[in-house]
Amino acid sequence: MLIYRFLDKNAALATIKDRELRISRISNLNDPFEFLCVDISDRKFRQGIYRAKARLDKTKGLICFSKNWSNPLLWGHYAEKHKGLCLAFKVNVMESYVNPVQYIERRLPRPTTKSLDFAKQILFTKFSHWSYEQEVRMYINLEKERDGHYYLSFSNSLQLNKVIIGCESDATVKEIEGALGDLKNSVEVLKARPAFKEFKVVRNRKEDKYP
């Protein structure tokens, strides 16, 4: 399975060179409804949810990917307005920590009993208006810390497969290959362009024009 991570140019080149992805902290996510996809009108239940979210933030982080790279909104929002890069990773779909996000119109009813299944559902559920992201989410233990941030190294379970250059990016194949180093022969580098008939981003087949 391939999943896609959109980044600005400098962050993408550093990610490739260092062979690691930066982990997002739960407390710094851009949606205030994260883990609050359930009815929390009951005060006691609401306080319990808040405490659980704070505890999780101390031990777990996450990395957000997408199932596809063709949506221009993803490039506009997360890849420096198409000036950045998209990194494709091959992951094992059997890994329990990699799951697609489910999107809902209305918040879930409060459960009557504690349930691990419901707890997992909360971790992978968002409001339906986010569905354009087609998010795949990976939770990671906060272990590898540097300069106040946490990172996840590339591995057999997280293999860099492709590097896609945004249609407005000044990144060159040469500098990407320089960052790839000994991965150069196993990672495909390609350039994106706007499609001619649809609102989507596609591969630019004129590879002889790549800088």
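The values are calculated or read from the model by the stated rules, or taken from the named source; none is laboratory data. Small disclaimer: the values here were computed from a predicted structure and weren't measured. Using ideal geometry, Cβ is built from the backbone for each residue, glycine included, and neighbour counts are taken over all protein chains shown. For the accessible areas, the whole protein counts, side chains as well, though only heavy atoms, and no ligand, DNA or RNA atoms are used. Shrake-Rupley method; radii C 1.70, N 1.55, O 1.52, S 1.80 Å.
Some notes on this structure:
- Approximate spin-label separation N141-K114, in nm, with each point projected 7 Å along Cα-to-Cβ: 2.2
- Signed unit charges on C-beta, dipole axis of the chain, positive-most listed residue I63, L160, G84: I63
- Carbon/sulfur fraction of accessible area - segment 87-165, other protein chains in place, 1.4 Å, %: 50
- Pairs over the 24 Å Cα-Cα cut-off, from the set K60/K83; K126/K197; K81/K197: K60/K83; K126/K197.
- Gap separating the Cα centres of segment 135-182 and segment 14-30, nearest whole Å: 8
- Highest average packing first - 49-56, 71-78, Cβ atoms within 10 Å: 71-78, 49-56
- Hydrophobic, long helices, defined as DSSP H runs whose alpha-carbon span along the helix axis is 18 Å or greater and whose mean Kyte-Doolittle value is at least -0.5, do not occur in the chain.
- Inter-probe distance in nm under a simple model that places probes 7 Å from Cα toward Cβ, at H129 and K197: 3.4
- When each of the peptides 157-164, 31-38 is scored by how many other beta carbons lie within 10 Å of its residues on average, the order from highest to lowest is 157-164, 31-38.
- For K58, the lysines whose Cα comes closer than 21 Å to its Cα, not counting residues fewer than 8 places off in the same chain, are K120, K144.
- Per-pair calculated FRET efficiency, R0 = 30 Å: N28 and R107 via Cβ, rounded to 0.05: 0.85
- Separation in nanometres of the label points that stand 7 Å from Cα toward Cβ, at L2 and D170: 2.8
- Overall Cα dimensions of the chain, principal axis frame, Å, largest first: 62, 41, 29
- Tensor-based shape of segment 105-211 (alpha-carbon gyration tensor, a/c under 1.5 rounded, otherwise prolate or oblate): oblate
- Computed about its Cα centre, the charge dipole of the chain is approximately 500 debye, with only Lys, Arg, Asp and Glu carrying charge at their Cβ.
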